[in-house]
Amino acid sequence: MLPVAMATQDLTEPIFAETIENNDIVILDFWAEWCGPCKAYGPVYERVSEDFPDVVFGKIDTEDQQQLAGMFGIRSIPTTIVFKEGIGVFMQPGALPEDALRDLVLKIKEIDMDEVRAEMAEKEGNES
């Protein structure tokens with residue numbers, strides 16, 4: 001029997017930007033080995049990832065990847081961050097219940113990124 005591929009991927013800084021740029025939807029779990037809530041969230045995150053093979057579910061160990069954690073201002077773990085078409089569209093500290101994580105993935109799939117880009121351009125225009 002062939003081994004089953006893990007649905008989640010450990011992400012490190014060298015491949016981080018490439019992963020965000022080359023995938024439609026990337027969901028990130030910032031965690032640490034010593035974090036109790038992270039350990040509880042891990043299996044939930046893994047189960048949901050198996051239901052969405054078209055979505056990249058990345059795990060970032062905040063102890064090992066301190067620069068990435070710092071880049072996002074991670075102050076509480078676990079923290080879930082979602083990118084769609086290279087744009088950050090969701091960030092929330094705390095473990096999400098399984099149903100909420102599934103719902104989040106479905107809602108992210110429905111986001112019209114043309115609208116998001118238009119809103120971003122409008123905000124940038126108002127700030128200058």
Q) Roughly how big is the chain's charge dipole about its Cα centre, with Cβ charges of +1 (Lys, Arg) and -1 (Asp, Glu), in debye to the nearest 20? A) 380 debye
Q: Sort the chain into rounded, prolate or oblate with this rule: let a ≥ b ≥ c be the square roots of the eigenvalues of the Cα gyration tensor; rounded if a/c is under 1.5, and if a/c is not under 1.5, prolate when a/b is larger than b/c, oblate otherwise.
A: prolate
Q. In what sequence do Val48, Val116 fall when counting other Cβ within 10 Å, fewest first?
A. Val116, Val48
Q | Percentage relative contact order, the chain, counting C-alpha pairs under 8 Å, at least six apart | A | 29 percent
Q.
If amide hydrogens are placed 1.01 Å from N in the peptide plane, which non-local residues have theirs closer than 5 Å to the one on Lys59?
A. Gln9, Asp10, Leu11, Asp29
Q: Please go through the residue pairs Lys39/Lys59; Lys39/Lys107; Lys39/Lys84 and name each one whose alpha carbons sit more than 23 Å apart in this structure.
A: Lys39/Lys107; Lys39/Lys84
Q. Taking other Cβ within 10 Å of each residue's Cβ, how do Ser76, Ser49 sort, fewest first?
A. Ser76, Ser49
Q. In whole percent, what relative contact order does the stretch 1-60 give with Cα contacts below 8 Å and a gap of six or more residues?
A. 56 percent
Q: Any chance you could run the full-extension gain for Glu50 through Met91? It's 0.36 nm times the residue separation minus the Cα-Cα distance, nm to one decimal.
A: 12.6 nm
Q: At 7 Å along the Cα-to-beta-carbon direction for both Met113 and Asn22, put a label point, then send me their distance in nm to one decimal.
A: 1.6 nm
Q. Fewest first, what order do Leu28, Leu101, Leu106, Leu96 take by the number of other Cβ atoms within 10 Å?
A. Leu106, Leu96, Leu101, Leu28
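Every read-out reported here was derived from the displayed coordinates using simple, explicitly stated rules and does not represent laboratory data. The model shown is predicted, which means the values in this text are computed figures rather than measured ones. For neighbour counting, all protein chains shown are included, and Cβ atoms are generated from backbone atoms with ideal geometry for every residue, glycine included.
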